[in-house]
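The values are calculated or read from the model by the stated rules, or taken from the named source; none is laboratory data. All values reported here derive from a predicted model rather than from experimental measurement. When we count neighbours, we look across all protein chains shown, and the Cβ atoms used for this are built from the backbone with ideal geometry, even at glycine.
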Amino acid sequence: MEDRAKTVRNVAILLLLAAVVAYVPGGGRAAATVQTILGVAFMFGLGLAGLYFYRQHRTTIYGLGDRRRAVLYSAVGVAAVTLAAKPRMWQTSFGEFVWFVLLGCVAYTLFALYRYSRSY
């Protein structure tokens, strides 16, 4: 019975928030602000996770050598730019195709670097 009460409470909270966004003047702007804050917090968390994984695998990354490390950093940069440009690239079918090709190349590069780092 307690789970049902929690579910009803959570649905009521969601309906209240939806009503605020829909009917209170400036509610849409407030929702956009909250969405932006959450997006920035998520990106900050991803950055911290990337820093953590970099520190944990620093010796493996430096063990790749200069050329392969440059390829790794380039692939990460291409992925970041491609993901940031998604809304603009998806305005045309050719842009959507190029978006998938770029991310496929990034995935292949990261997989090839992973295999190289595990070989002896």
**Report entry** Exclusive hit being under 18 Å from the mean Cα position of the chain (by Cα) and hydroxyl-bearing (Ser, Thr, Tyr), set 119, 93, 74
**Finding:** 74
Requested in this report: With the condition kept exactly as written, say whether any residue in the range 59-79 is at pLDDT below 95 and not in a helix (DSSP H, G or I).
Outcome: yes
Requested in this report: Please find, among 32, 22, 18, 49, the residue that is at pLDDT below 90, under 19 Å from the mean Cα position of the chain (by Cα) and of a type outside the set (Lys, Arg).
Outcome: 32
Query - All positions within the range 17-49 that are over 30 Å from residue 84 (Cβ atoms), out of contact with any helix residue (DSSP H, G or I) (no Cβ under 6 Å at 6 or more places or on another chain) and surrounded by 10 or more Cβ atoms within 10 Å (Cβ to Cβ) - result: 19, 22, 24
Query raised in the report: Taking the stated definitions as given, is residue 54 out of contact with any helix residue (DSSP H, G or I) (no Cβ under 6 Å at 6 or more places or on another chain) and modelled with pLDDT under 95?
Result: yes
